[in-house]
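The values are calculated or read from the model by the stated rules, or taken from the named source; none is laboratory data. Please read all numbers here as calculations on a predicted model, not as lab measurements. All Cβ positions, even for glycine, are placed from backbone atoms using ideal geometry, and neighbour counts span all protein chains on display. The protein model used for the area step is the full one, side chains on, heavy atoms only, and it has no ligands, DNA or RNA in it. Shrake-Rupley method; radii C 1.70, N 1.55, O 1.52, S 1.80 Å.
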Amino acid sequence: MAHESFFARNWKLLLNLITLLALIVVMYALRHQLADTLRNLHHVNGWVLLLIIPLEALGYHGQTRMYQSLFRTVGTKLDYKPILKVALELNFVNHVFPSGGVSGISYFGLRLRSLGARGSQATLIQTMRLVLQFLSFELLLFFGMFALAAHGHVSNLTILIGTVIAMSVLVGTGVFGYIIGSKSRINAFFTWATRVVNRLLQFVRRGNHPETINILRARVAFDEFHETYIELNAKRSELVGPFWWAFIYNLTEVLVIYVVYVAFGEWVNIGAIILAFAVANFAGLVSVVPGGYGIYEGLMTAVLATAGISPAVSLPVTVMYRVLNTLLQVPPGYVLYQQAIRRGAAEAPTEQHNDAG
């Protein structure tokens with residue numbers, strides 16, 4: 001039992017350690033090629049790299065328009081500029097507090113209250129944003145698989161990875177829709193989930209804390225969540241716009257990676273990048289490392305290898321992409337986040353966690 005409880009409590013950490021170890025092994029095996037790449041960094045086309053800036057700007061524009069459209073659907077009109085700021089802050093929070101997006105959802109709810117949105121609205125909108133991003137990415141994934149097959153560089157393992165991701169998204173979305181479509185189902189599921197979380201917190205805290213999360217209050221929040229969903233579901237035709245804004249956001253993220261490859265002089269199959277991007281981002285759900293650093297690069301390199309792209313090429317490109325992406329996104333998000341905290345528009349996620357734990 002002691003061994004079982006240890007693995008049950010630390011499976012995320014162990015998974016991350018195994019992935020990091022694999023990455024270190026790959027880096028050691030390719031140390032000579034990586035050294036050659038570093039020596040030739042001056043050959044990287046800086047003008048091509050500058051294309052990342054307008055692509056990132058377009059991605060944030062798409063994300064902001066998506067939020068605006070979703071809130072408008074449930075009767076809340078929000079201005080462009082405040083939502084853009086929140087999107088940048090949210091990116092910083094999700095980078096620094098690795099919790100599978102939970103910190104981001106919590107922070108988003110607090111920030112949107114200061115803009116006049118209800119907490120249940122904000123939670124549903126953030127959840128719908130994730131659903132729309134996953135569903136719209138299906139289009140990119142199918143295109144990526146077609147691009148790989150058309151060039152004859154697709155292996156059985158690559159097909160399996162792509163199929164598993166596509167089916168997971170579709171099944172997961174269907175199950176989620178089934179649960180939140182009924183007040184009794186949403187209450188039953190989330191009450192059960194709340195009790196499980198309470199038990200885990202009680203075990204971790206090792207004290208007499210029978211109900212860290214108040215179940216009665218949680219049920220009120222679930223009812224509000226369901227009512228907002230019904231309101232949104234009644235206007236499904238208005239979700240077409242947010243869907244395509246989510247697609248634009250996903251497309252710009254993939255194109256940013258492709259631009260870095262082009263800057264390195266590598267015109268690789270974009271289908272491989274789409275597939276690797278999907279796997280690496282799914283890994284963020286279980287990463288205990290801020291920003292998923294090390295985990296992201298290792299998985300991107302491994303998946304690209306199954307599609308015929310050498311790790312000696314993909315690893316330095318992925319590292320360069322991650323560094324540039326972080327430098328462009330995290331500092332602005334940090335500044336805006338600190339401004340929001342000083343204004344009292346939101347609480348720090350760390351404070352929320354301490355209150356809950």
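In this structure Met320 has an accessible area near 50 Å², from a 1.4 Å probe over the protein heavy atoms.
In the context of the full protein assembly, Phe108 retains an accessible surface of approximately 0 Å², using a probe radius of 1.4 Å and ignoring ligands and nucleic acids.
His95 contributes an accessible area of around 30 Å² to the protein surface, as traced by a 1.4 Å probe with all chains present.
Maximal additional length on extending the Asn187-Met167 stretch stands at 4.6 nm, based on 0.36 nm per residue less the C-alpha distance.
Would you work out which of Thr76, Phe92, Met66 lies farthest towards the positive end of the dipole of segment 51-150, given +1 charges on the beta-carbon of Lys and Arg and -1 on that of Asp and Glu, about the Cα centre? Positive-most Cα among the choices belongs to Thr76. Karplus-based coupling profile of segment 126-131, in residue order and whole Hz: 5, 5, 5, 4, 5, 4, with θ = phi - 60° in 6.51 cos²θ - 1.76 cosθ + 1.60 and x standing for Gly or Pro. Relative to the current alpha-carbon distance between Glu231 and Leu115, full extension at 0.36 nm per residue lengthens the span by 39.7 nm. Backbone geometry of segment 238-254 corresponds, through the Karplus equation with coefficients 6.51, -1.76 and 1.60 at θ = phi - 60°, to 3J(HN,Hα) couplings of 7, 8, 4, x, x, 4, 6, 5, 5, 5, 4, 4, 4, 4, 5, 4, 5 Hz, x marking Gly and Pro. A full extension of the chain between Lys81 and Leu160 corresponds to an added length of 24.2 nm, given 0.36 nm per residue minus the alpha carbon distance.
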